[in-house]
1. Just need a number here: residues in the range 270-284 that are surrounded by fewer than 16 Cβ atoms within 10 Å (Cβ to Cβ), part of a helix (DSSP H, G or I) and either at positive phi or touching a strand residue (DSSP E or B) at 6+ places or on another chain (Cβ under 9 Å) (or both).
2. Name the residues in the range 172-229 that are closer than 30 Å to VAL102 by Cβ and crowded, with 16+ Cβ neighbours inside 10 Å, would you?
3. Does VAL250 meet the test of being touching a residue at least 40 places away in the same chain (Cβ under 8 Å) and in contact with a Phe, Trp or Tyr (Cβ under 9 Å, 6 or more places away or on another chain)?
4. Out of the residues in the range 130-178 meeting the condition of being charged (D, E, K, R) and at pLDDT below 90, tell me which one is farthest from HIS270 (Cα to Cα).
5. Here's a check for you: in the range 237-260, which residue that is part of a strand (DSSP E or B) and not aliphatic (A, V, I, L, M) is farthest from ALA297 (Cα to Cα)?
6. For the subset of the range 261-298 comprising residues that are touching a residue at least 24 places away in the same chain (Cβ under 8 Å) and among the polar types (S, T, N, Q), which member is nearest to VAL132 (Cα to Cα)?
7. For the structure I just gave you, tell me whether PHE77 is over 31 Å from the mean Cα position of the chain (by Cα), over 24 Å from ARG187 (Cα atoms) and at pLDDT 75 or above.
8. Among the strands (runs of 3 or more DSSP E) contained in the range 115-221, which hold 1 or more residues that are free of Cβ contacts under 8 Å to residues at least 24 places away in the same chain and of a type in the set (A, V, I, L, M)?
Amino acid sequence: MEMFGVRFVGVNDETGQKLLLTIAFILGILLLRALIVSVAHLVTGRHRNERVMFWTRQGASITAAVFALVALLSIWFDDPQRLTTGLGIFSAGLAFALQRVVTALAGYVVIMRGHTFTVGDRITMGGVRGDVIALTFTQTRIMEMGQPPAVQGADPAMWVRSRQFTGRIVTVTNDKVFDEPVYNYTREFPFIWEEMTVPIPYRADRGQAEAILLECVAEHAAAPDRDSVPVRRALEKRYFISVDDLTPRVFYRLTDNWLELTVRFIVREHGIRDIKDAIARAALAKFDQASIEIASATYELVGVPTLRVQKVTAAHTPRVSHDPIL
């Protein structure tokens, strides 16, 4: 095949036609995908649902990939024997050179087919905690969030001491689903149990302190508690498990210095820091009104030994001799 006086080695009329036909098919498939996405934009209008748009783009991409593969096989491998040989060589080279990519593609299939997570879910994957903002064939993008003080030493360490966004977007390859567990905060049960621990002296009115904590939790976390009941029932029916009672409770723990009151309650996966902050402020105010102290790591002297002080007068001061030495 010649073009502008240049002869292309290995390209004849047949392969040239196949090459042009391949380019035309790929361009047509890409235009079809763009048309589908544009139609979805027009249908959704100004108040666009990002979740619907995500699945529209995902479906269009998968459909375009399938059509492109079928078109390429039909154009270049019209002979079944050549197709078998080509697929064998292609599979061997792919398995050797693109191991991680193939594993990431398999991870994508596992994520989608196994309903592991989707865009909008709050997960922990590959050591990264946060909300999924994008999901492709090989990668998952996560809007990173901080971590509570109990896991501040985890790798990587965070400067945000709560489950709030740090501002970093982290890209994780999908093959991590085969190496590490994936924690999902929202998929089946979009609620989590939270705990707050308050130490009080043993001499304090522990009954009133417990009542204050339960009152503050009921005031600021009552709505999630009510909303979680039908979700809990659906979860128990689907997986044949019995979820703990969702009613807030206070648990005691005896220590050498004070009594620890731990209130356990249920909240949604987002906005946890605001709820705990409101509960803490309300509890402190009510503790002050009830004259209930918060115990701290201080030392209290309960007894002092008797001290005897003796005053030395000038009369008892030893005299220094100035006699000359003989």
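The values are calculated or read from the model by the stated rules, or taken from the named source; none is laboratory data. In this text, all values refer to a predicted model and were calculated from it rather than measured experimentally. Cβ: placed from backbone, ideal geometry, glycine included. Neighbour counts: every protein chain shown.
1. Number of matching residues: 1.
2. VAL172, THR173, ASN174, ASP175, LYS176, VAL177, VAL182, ASN184, TYR185, THR186
3. Criteria not met by VAL250.
4. For the range 130-178, the residue satisfying everything is ASP155.
5. ARG249
6. Residues of the range 261-298 touching a residue at least 24 places away in the same chain (Cβ under 8 Å): 261-270, 272-273, 275-276, 278-280, 282-283, 286-287, 290, 292-297.
Still in the list and also among the polar types (S, T, N, Q): 262, 296.
Values: THR262: 32, SER296: 40 Å.
Here the residue is THR262.
7. no
8. Working: elements: 122-125, 128-135, 139-145, 165-173, 191-200.
Qualifying strands (runs of 3 or more DSSP E): 128-135, 139-145.
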